[in-house]
Every structure is written in structure tokens, then in C-alpha cells.
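Student: Sending over a structure as C-alpha cells; questions will come in a sec.
Quick note: the coordinates plus some simple rules give every number you see, no bench work behind them. Predicted model, so just to flag it, every value in this text is computed and none were measured. Using ideal geometry, Cβ is built from the backbone for each residue, glycine included, and neighbour counts are taken over all protein chains shown.
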Amino acid sequence: MLRGMVIDADTKQGIPLAYVVSGDLTVRTDHDGRFTLPASMAGQAVGARMPGYRQQQGKLQAATSGPTVLPLRKFDARGLYLSAWGIGSSKLRGDALELMAQTKLNTLVIDIKGDAGIVPYRSEVWEKLGYPKQTVVTVRDMPALIKDLHDRGIYLIARVVTFKDDKMVQVKPQWAVRTSTGAIFKDREGLSWLDASIPDTWEPAVAMGEEAAKLGFDEVQFDYVRFPDTPGLQFSKPNTWEMRPFMISAFLDKARNRLARYNVYVSADIFGYVCWNTNDTLIGQQLEMLADRLDYLSPMLYPSGFTWGIPGHTMAVGSSYEIVHHSLQAAIDRSGLGGVRFRPWLQAFKDYAFDRRVFGDKEIRAQIQASEDVHTHGWLLWNAGNHYSTAGLDLKKQPAAPTGRPLSTVASAP
């Protein structure tokens, strides 16, 4: 048998229950951080990951060379979202990178399959899945861009919009969510959705997530991994509590199993009220069932989205700290998970639901502080237009400017 150990890079202590991946085999470490693999796997690539750490890659040593040690470094993601247009725009991408250089931001969430079905790069699987031919490509060389971003030390999350999929409905109308009259359902943006109760509809998002993992993304994040929040819709199965979360969970099981061999983290975006509701919020997102299948949960804790507020705070946009803090604490208490398993989306855009206030330094800082106070795995800022500023962010310390006469290697005259 090959023996190995996953350790904390700083403390040198073993990490219990870390995932160790080599090929199609995944094992977990024991309470001391140790693992074993078949001797025949010597020389093969091996990876390790554990929520709260950056994943690590290595090579399995032969038994005669001693144990394989995989050190993981603790990591809190502090990130921005870039759409397919944003990542392809030299201006928007450049602005984001400049902001990251000035602040402690270290993460980019990049659309790999956006709300309107735009994929930024020339995909190898898109048309094989049955989608119409790509007419828009915003990034000519995605592998080169990923390498450049990784060379800058940036953690990369691939956002995959899942069941909101107008382009697939165009070619597979039999997979569509329908209204009570049998017509294809269109949401407020005029986009159709796939019926998550049909297992065949799961493959497009899983395949795009797998392509992102192959490209080198560190994490795959599924968004719109739910049923529409419009009442009275028809699905292929009865619209019940038993059906909805079961089908969403089954989709996540498929995705997690498919992505395991790439040693990427798997996450999903969830409604903010899912932190509070003990049911599935009528969309298939039930907190405890999701937690069993994801490395990270990203509740969308935008105060503007809390139409009814939370207990004691009905004016949500006036209680940015409380909305984020209390929602996260409720989810942590209910699920029994540590804060490290949560990484919330925070609001970096103008309010649309209450008083139209601009979310500036005060509001963004309050949300960040709330997230940090419950020890989450960082946080992510959302602005659909990809316009960000230093508002609310910690700036990196700059070297002190010299004072007095400049130093010189030439001796001065007395």
C-alpha cells in the first residue's frame, strides 16, 4: 500500500477528512490526516482538498520512498463576479485586475455558461450537447487567460447557470418548464427554463462544469440550480415537497461524482431565504440536503432581495449587517456546519426594492464585516454590470514613501 498524509501547510498538523483524489479513486483521510492507496498507483498524479484550504496537486511516491505529503494552505475567497462579456472586455477585466492589485481581493467568479447562454470561449462540448452554434466568443484563448490569472495568484470559480436555459429549450422544447395552460414558461427576463425533474436536463450543466474543470478552474459553481419561483407551473412530475429537493439533490450528486476526478471544489448559489426556511422555499433548495452535496454554499444575501426582511429588521437595506450576519448564523446553527462551508454573495449594486440607495462604502463594509464575524469562507461581490470600486474594501499596505533627503550611495561633501 502507498501511504500519505494531508497536512496544514502552516501548522504541519494532519487534516482529518480531507479528500484525496487520484484518477477515478477518491478517499478521505483519517482523524490524523493519513490515507492509503493501492501500491499500483505509484507515480500517478494525486490531489487533495478540504473546504477552507486551496487544493494541492502532487505525485504519489513509491512505497520505498516514504509517505506522500500533501500540504494545504488555508484560504478565504474574497471575490468579484465577471460575466462572459466582462471577462472578454479588456476594460472591465483590466479594471477588475487593477482593483485586485490595490486590495485584498483574490478571487474571480467567471461566467462559463451565463444567464442568456453565452459561453465566453470556443467550447468543445457546446454543440455536442445540442446547443445552437456559438455566435459570440469573447475570449479567444481561455487556457492562456486562466494561466495568466493563476500566475497572478487568483483563485478561479466557474459559474454555470443550470436550469435557466433558454438556448437548450429552443432545441429541446420537450424539456421545458410549462405554464398551467401548457405553454412554455418564460421568466421576467423572457427566458425559458429546463425542467429539473427530467434527468436528461442535468447533463448540459454537468458537461459545462466538467469542461471548466479540464480548463483549470479551481471550483465549479452552479447557479439557478432550482425550480422557478413562479407559482402554478407544470413539471414532468407532480410539484411536491418530496419531488423538488430530491431532484435538485440528485442533480448535485451527478455533478459531484463527475467532477470528483478533477479535484475541484463544487459550490452552488442559493436563495437568501433558504438560510431561514425549513422547507425547500418551493424551489427545491433545502439547506440540509444541499449541505450534504456541496463543498461551499453561497447564499445570495443581497439586502434588496429580502422583500419581507428578517425578524426584527423589516427595512432590509437599512440593516445590511444584520441581514448578512443573522442569515448566515441561522444557516450555521441549523445545518451544524462551520462557517467555512458558507461563502455569501454580497450586494455591490444600487437597491432596486426599497429606497433606491446606492450601496457604497458603508453598506458594502457592513456586509463584509458580518460575513467575517461568523467566520465564513470569505465572500463574493455581485454587480451584474461588473462595475466595482474600492468602496468597503481593505486596501493593501503600500510601502512608506521616503522622507527627508533621498538616500544615495555617493558620499556627500561635508
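Student: With a cut-off of 8 Å between alpha carbons and a minimum separation of six or more residues, what is the relative contact order of the chain in percent?
Tutor: Numbers: 851 pairs, mean separation 54.6, N = 414.
It rounds to 13 percent for the chain.
Student: Looking only at Ala158, Ala331, Ala391, which one moves most when the chain is put into a Gaussian network model with springs between Cα atoms under 10 Å?
Tutor: Judging by the Gaussian network model, the answer is Ala391.
Student: Ignoring solvent entirely, what values of log10 I(q)/I(0) come out of the Debye formula for the chain at 0.06, 0.09, 0.10 Å⁻¹ when each Cα is a single scatterer?
Tutor: With one equal scatterer per Cα and no solvent, log10 I(q)/I(0) is -0.27, -0.59, -0.72.
Student: For region 257-297 and region 163-212, write down the distance between their C-alpha centroids in whole Å.
Tutor: Centre-to-centre (Cα) distance: 19 Å.
Student: For Cα pairs less than 8 Å apart in space and 6+ apart in sequence, what is the mean separation divided by the residue count of region 77-300, i.e. the relative contact order in percent?
Tutor: With pairs under 8 Å counted, the relative contact order is 16 percent.
Student: List Val264, Val340 from most exposed to least, where exposure is judged by having the fewest other Cβ atoms within 10 Å.
Tutor: Details: Val264 26, Val340 19.
Least to most surrounded, the residues fall as Val340, Val264.
Student: Suppose we look only past 18 Å in the calculated P(r) of region 72-172. What percent of the Cα-Cα pairs does that tail hold?
Tutor: On the way: 2481 of 5050 pairs.
Value for region 72-172 (Cα pairs over 18 Å): 49 percent.
Student: Going by how many other Cβ atoms sit within 10 Å of their own, how do Lys186, Lys350, Lys167 line up, fewest first? Kindly include the intermediate steps, with their values, before the conclusion.
Tutor: On the way: Lys186 17, Lys350 12, Lys167 21.
So the ranking, lowest neighbour count to highest, is Lys350, Lys186, Lys167.
Student: Amide H to amide H under 5 Å from Phe359: which residues, 5+ apart in sequence or cross-chain, H placed 1.01 Å off N in plane?
Tutor: Counting only residues 5 or more places away or on other chains, the set is Phe349, Lys350, Asp351.
Student: Given only helices, namely DSSP H runs of n ≥ 4 each adding -39500 (n - 2.57), what is the per-residue ellipticity at 222 nm of the chain, to the nearest 500 deg cm²/dmol? Kindly include the intermediate steps, with their values, before the conclusion.
Tutor: Working: 9 runs with 98 residues, N = 414.
Mean residue ellipticity, 222 nm, calculated: -7000 deg cm²/dmol.
Student: Over the Cα atoms, compute the radius of gyration (one decimal) and Dmax (the largest Cα-Cα distance, rounded to a whole number) for region 2-72, in Å.
Tutor: Final numbers for Rg and Dmax: 10.8, 32 Å.
Student: Which ordering of Phe359, Phe185, Phe222 is given by a fewest-first count of other beta-carbon atoms within 10 Å? Before the final figure, lay out the partial values.
Tutor: Working: Phe359 24, Phe185 19, Phe222 28.
Fewest to most other Cβ atoms nearby, the residues stand as Phe185, Phe359, Phe222.
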